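In what follows, a structure is listed as structure tokens, so that the remarks can point back to it.
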Amino acid sequence: MPSTTTTARRARTRTPGVPTPWQMFFQQFLKHPVMVGSIVPSSDRLIRKMLGPVDWANTKLFVEYGPGVGTFCPAILDRMTPDAQLIVIDTNADFIRYLRHTITDPRFVAVHGSAADVERIVRDHGHDHADYVLSGLPFSTLPPGVGPAIAAATQRVIRPGGAFLVYQYSPRVRLFIAPHFTDIDHEMEWWNVPPAQLYWGWKTKGAAAATPMQG
Ligand SMILES: C[S@@+](CC[C@H](N)C(=O)[O-])C[C@H]1O[C@@H](n2cnc3c(N)ncnc32)[C@H](O)[C@@H]1O
């Protein structure tokens, strides 16, 4: 369910002929059911719970994989400090075009590409690392090898003390996270269609030294 906080931010920029987030999400689900992986956007409760543990005062770069119509984006931007940046990465060009049209916050950057390239994308935008990475990717239906590559790249790109935030409908997603994050918190959110598994994979200080970001 789209966030109610999205309404005010987007109403200023919506023009006739531009679909609502719900219409856009459903259209893209019909076009790319496997890549989108869900029939409706995330609920407000899921968003609040997922973002709850983030230390916003110490967040300069927040990255989101698979933003879709940007259901999480206004909630992230509302919590971020004025000098922080939100980079979202999606393989669907229609979603990226939609996001660039509907979200005008100068801290927001929408990149058309794959989450597997997060290290290059972060570097290209002038950062050494990300503080937090959020994923709405359908991990279990990604092409073979892509999920493990994304999880490994994510572990490398996150700073010590940061976290990989993952929500997914199947608990199998933990299999992708566990090889790279030993400190994992888990909760369920029933108020979502369908109910979702939430994971927070924390990057410990020791892990940072062992896996620096590739140059
Ligand atoms: C379940 S939908 C996103 C839902 C949305 N975040 C929400 O909360 O309502 C999954 C998204 O992942 C994107 N996606 C799939 N594979 C990707 C990849 N390798 N890199 C980045 N985005 C990808 C799809 O285009 C789609 O927008």
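The values are calculated or read from the model by the stated rules, or taken from the named source; none is laboratory data. Here the structure is a predicted model, which means the values were calculated and not measured. For neighbour counting, all protein chains shown are included, and Cβ atoms are generated from backbone atoms with ideal geometry for every residue, glycine included. Side chains included, ligands, DNA and RNA excluded: accessible areas come from the protein's heavy atoms. Shrake-Rupley method; radii C 1.70, N 1.55, O 1.52, S 1.80 Å.
The C-beta contact set for region 88-102 (first residue touching a residue at least 60 places away in the same chain (Cβ under 8 Å), second residue within 6 Å of the ligand (Cβ to nearest atom), distance under 8 angstrom, 6+ apart or interchain) comprises N92/M35; N92/V36; N92/G68; F95/P67; F95/G68. Scanning region 104-123 for residues that are open to solvent by 10 Å² or more (accessible area, probe 1.4 Å) and among the β-branched types (V, I, T) yields T104, V109, V111. Count of region 1-27 residues, restricted to those that are assigned to a helix (DSSP H, G or I) and modelled with pLDDT of 75 or more, is 6. Would you mind stating whether D90 is within 15 Å of the ligand (Cβ to nearest atom) and on the phi < 0 side of the Ramachandran plot? Taking the combined requirement at face value, the residue satisfies it.
Taking region 157-195 as the range and being in contact (Cβ under 8 Å) with a residue 40 or more places away in the chain, open to solvent by 40 Å² or more (accessible area, probe 1.4 Å), more than 12 Å from M50 (Cβ to Cβ) and over 16 Å from the mean Cα position of the chain (by Cα) as the test, the residues that pass are R159, P160, W191, V193.
A single member of G147, G136 is within 12 Å of the ligand (Cβ to nearest atom), closer than 25 Å to S43 by Cα, of a type outside the set (S, T, Y) and touching a helix residue (DSSP H, G or I) at 6+ places or on another chain (Cβ under 6 Å), and it is G147.
Matching residues to (1) at pLDDT 95 or above; (2) among the acidic types (D, E); (3) open to solvent by 10 Å² or more (accessible area, probe 1.4 Å); (4) within 14 Å of L134 (Cβ to Cβ):
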residue: K31; (1), (2), (3), (4): no, no, yes, no
residue: G37; (1), (2), (3), (4): no, no, yes, no
residue: I47; (1), (2), (3), (4): yes, no, no, yes
residue: L51; (1), (2), (3), (4): yes, no, no, yes
residue: T59; (1), (2), (3), (4): yes, no, no, yes
residue: V63; (1), (2), (3), (4): yes, no, no, yes
residue: G68; (1), (2), (3), (4): no, no, no, yes
residue: C73; (1), (2), (3), (4): yes, no, no, yes
residue: D90; (1), (2), (3), (4): yes, yes, yes, yes
